[in-house]
Amino acid sequence: MPKVRLLWQGATYEVEAQPTEPLYAAIQRIGLPAGETILTARTDGTIHELSAPIGEATTFELLGWEAPEGRWVFWHSSAHLLAEAILTFWPQAKLTIGPPIEQGFYYDIDFRGDAPSPEDFPKIEAKILELAAQPEFFVRKKVSKAEALAYYQARQNPYKIELIEELPPEEITFYESGNFVDLCKGPHLWHSGPVRAVKVLGLAGAYWRGDSRNPQLTRVYGISFPSQALLEEYLRLQAEAERRDHRLLGKQLDLFSFHEEGPGFPFWHPKGMRLLNALQDWLRQKLLRNGYEEIKTPIILTQTLWERSGHYENYRENMYFTMIDEQPYAIKPMNCPGSTIIYRTQLRSYRDLPLRLFEFGLVHRHELSGVLTGLFRVRAFTQDDAHIYCTPEQIQEEIAALLQLVEQVYAAFGFTEKEVYLSTRPERYIGSLELWAQAEGALQAALQVAGLPYTLNPGEGAFYGPKIDFVVRDSLRRKWQLGTIQLDFSMPARFGLTYVGADGKHHTPVMIHRAILGSFERFVGILLEHTAGDLPLWLAPIQVKLLPVSDKFLAYAEEVWHLLKARGLRAALDASNERLNKKIWAAEQEKVPIMWVMGAKEAAARTVAIRNRLERTQAENVPLETAIAQLMQAVQPPA
């Protein structure tokens, strides 16, 4: 009898197994918890259900809740349980699709009448847990197109019929669990037993297939876990995330606002500009030290430029257009074409390369009003963009330097956990297949040389080239996609960019597009939620606030305030008539890191009493010059 290898929690097991028997049988034979702790398996880079036959595979990596694939399968099966529970109470409902998502799952449903309300969530949750506890086994069944159509025609479900009609006959499968049947390609759990905690999270409107011309459906969101403790921790983090919502913090800290006169366009207040400027100044100096030169390109350029770059063909639905002197122009959605124009203003030699040009460029992109989300999704934002022009031989070295720079920048903000994705050629692209293969191979080689593990993300590259994307985890364990490195062999050729090589001939340079923070606006939103508004001292809009105990000591406080401002420190003075406790409370609400209290003793001795809110420390009778020197040292940004 042939043997298969099972990898589980760092151990390797060998077991005899027939190709026709289900994988769970082989797992159980050696005493491992198939279907409970072990949720699914991976072989040859694909998910293999525990109930599926072993087949010709010889090695299986067994996966539990901690693996992304384990959670994906867990939530996919939970979506079926949700649909089954809903049909119990709303039998007239017509199901459409119900996929797992990054956090949980949803099901889009046409309720044909009254949809659920939040008051119905507890009974839906109870029904899901009842079904899961039986347990229900997920059984895959291959059906013909005629059988599938007949099944849903009998149930008068036009959505499933539409999906079936588009599927190749060999790809049509049903999954049965209990009394529930659904059109689905899987994969799923062996059975529903591991689902021991569930929460219906909310309802939203959704058009069938995302098209506003189609019927509107009700999207029911949910999430499930293998234990009640995990659900409670998730709900705790969700409550904390709501408390940290950057839109609330932006208002509380008086950083920015949004208004009906410009939907999706942030209005930055003075304190917000201090934060933005501090962030940009720090990054600017870091880039200059790393061999970059700063440029600035126009916001509006001719439509013909965008046609030449490929943006008009591939991106125009996200662009804004205008007419100038009866000629069509476009507001730039990206900075790269403008950079190429600066490159070609001079004859370049191979000795000039790599040429690293960065631009904190304001771009505008048309977004539907329904997707605008604070600073996370706006219509105007500033990218921390750079374009590196290099020879093919310099690619590896430049990518290696970029990977190191990304690591340093994220570490400065406390983002120490990151995931790396390699995204390849999308359906809509420019350039030849040969150039795409060369570009994808170069990025893959750079990641391998750097020793960075990465996940392949097929078809998610930019239309002009493949890319490396960086995803970080914040303090609430949420994932955020930030930086990107994109390799482009096509745009330099489109714009006729060349350099004179060592052989005296003209060659086309390689163009590396890169952003580290992504956009300053979105990064500020992420940073506010990551820190709960407790920004590091070097970034704080107000670094120190002066609190005179009464008007008698206002003159001393004003003198100190002017001294601090002259040193370039971001200081504020509370000159109100409020009592000291009220002033301290107000500074706490503003999340000011440091407060200097000044009363009779301090004014007489030219000292200050220091309250450090971040470190929760206090110091009395600190000489003024000592306090200033300490503050000057403390506000220095990371190298």
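The values are calculated or read from the model by the stated rules, or taken from the named source; none is laboratory data. Nothing here was measured: the structure is a model prediction, and the numbers come from that model. Cβ coordinates were reconstructed from backbone atoms using ideal geometry, including for glycine residues, and neighbour counts include every protein chain displayed.
So the values come out like this:
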item: Among (1) in contact with a Leu (Cβ under 9 Å, 6 or more places away or on another chain); (2) over 21 Å from SER77 (Cβ atoms); (3) part of a loop (DSSP other than H, G, I, E, B) - the single one PRO19 does not satisfy; result: (1)
item: Selection status of ALA386, under 25 Å from the mean Cα position of the chain (by Cα), surrounded by fewer than 19 Cβ atoms within 10 Å (Cβ to Cβ), of a type in the set (Gly, Ala, Ser) and not in a loop (DSSP other than H, G, I, E, B); result: no
item: Selected residue (criterion: modelled with the lowest pLDDT) from residues of the range 482-511 that are closer than 16 Å to ARG425 by Cα and among the hydrophobic types (A, V, I, L, M, F, W, C); result: PHE489
item: Residue selected from the range 68-97 under the condition in a loop (DSSP other than H, G, I, E, B) and surrounded by 17 or more Cβ atoms within 10 Å (Cβ to Cβ), by the criterion nearest to the chain's Cα centre (by Cα); result: ILE97
item: Filter result for TYR429 (buried (at least 17 other Cβ atoms within 10 Å of the Cβ), touching a Leu at 6+ places or on another chain (Cβ under 9 Å), assigned by TED's automatic domain parsing to the domain that holds GLU521 and touching a residue at least 24 places away in the same chain (Cβ under 8 Å)); result: no
item: Residue within the range 412-426 that is more than 23 Å from the chain's Cα centre (by Cα) and surrounded by 14 or more Cβ atoms within 10 Å (Cβ to Cβ) present; result: no
item: Verdict on PHE495 being aromatic (Phe, Trp, Tyr) and surrounded by fewer than 21 Cβ atoms within 10 Å (Cβ to Cβ); result: yes
item: Which numbered condition LEU62 misses (of (1) over 20 Å from ALA132 (Cβ atoms); (2) part of a loop (DSSP other than H, G, I, E, B)); result: (2)
item: Listing of strands (runs of 3 or more DSSP E) fully contained in the range 283-354 that carry 1 or more residues being under 18 Å from ALA493 (Cα atoms) and touching a residue at least 40 places away in the same chain (Cβ under 8 Å); result: none
item: Checking ALA411 against (1) touching a strand residue (DSSP E or B) at 6+ places or on another chain (Cβ under 7 Å); (2) part of a helix (DSSP H, G or I); (3) at pLDDT 90 or above, the condition it does not meet; result: (1)
item: Positions within the range 28-55 being in contact with a strand residue (DSSP E or B) (Cβ under 8 Å, 6 or more places away or on another chain), part of a strand (DSSP E or B) and not hydroxyl-bearing (Ser, Thr, Tyr), in sequence order; result: ILE38, ALA41, ARG42, ILE47, HIS48, PRO53
item: Residue in the range 98-115 that is surrounded by the fewest Cβ atoms within 10 Å (Cβ to Cβ), counting only those that are of a type in the set (Asp, Glu) and part of a strand (DSSP E or B); result: ASP110
item: Among the candidates TRP585, TRP596, residue that is in a strand (DSSP E or B) and of a type in the set (Phe, Trp, Tyr); result: TRP596
item: Leading residue by the ranking (farthest from GLU417 (Cα to Cα)) among those in the range 438-487 that are surrounded by fewer than 17 Cβ atoms within 10 Å (Cβ to Cβ) and charged (D, E, K, R); result: GLU460
item: Index of the failed condition, LEU287 passing every other in (1) more than 25 Å from ALA412 (Cβ to Cβ); (2) at pLDDT 95 or above; (3) surrounded by 13 or more Cβ atoms within 10 Å (Cβ to Cβ); result: (1)
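Table: residues versus (1) assigned to a strand (DSSP E or B); (2) over 23 Å from the mean Cα position of the chain (by Cα); (3) not assigned by TED's automatic domain parsing to the domain that holds GLU407.
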{"site": "TRP436", "(1), (2), (3)": "no, yes, no"}
{"site": "ALA439", "(1), (2), (3)": "no, yes, no"}
{"site": "PRO453", "(1), (2), (3)": "no, no, no"}
{"site": "LEU456", "(1), (2), (3)": "yes, no, no"}
{"site": "GLY459", "(1), (2), (3)": "no, no, no"}
{"site": "SER475", "(1), (2), (3)": "no, no, no"}
{"site": "GLN481", "(1), (2), (3)": "yes, no, no"}
{"site": "ILE485", "(1), (2), (3)": "yes, no, no"}
{"site": "ASP503", "(1), (2), (3)": "no, yes, no"}
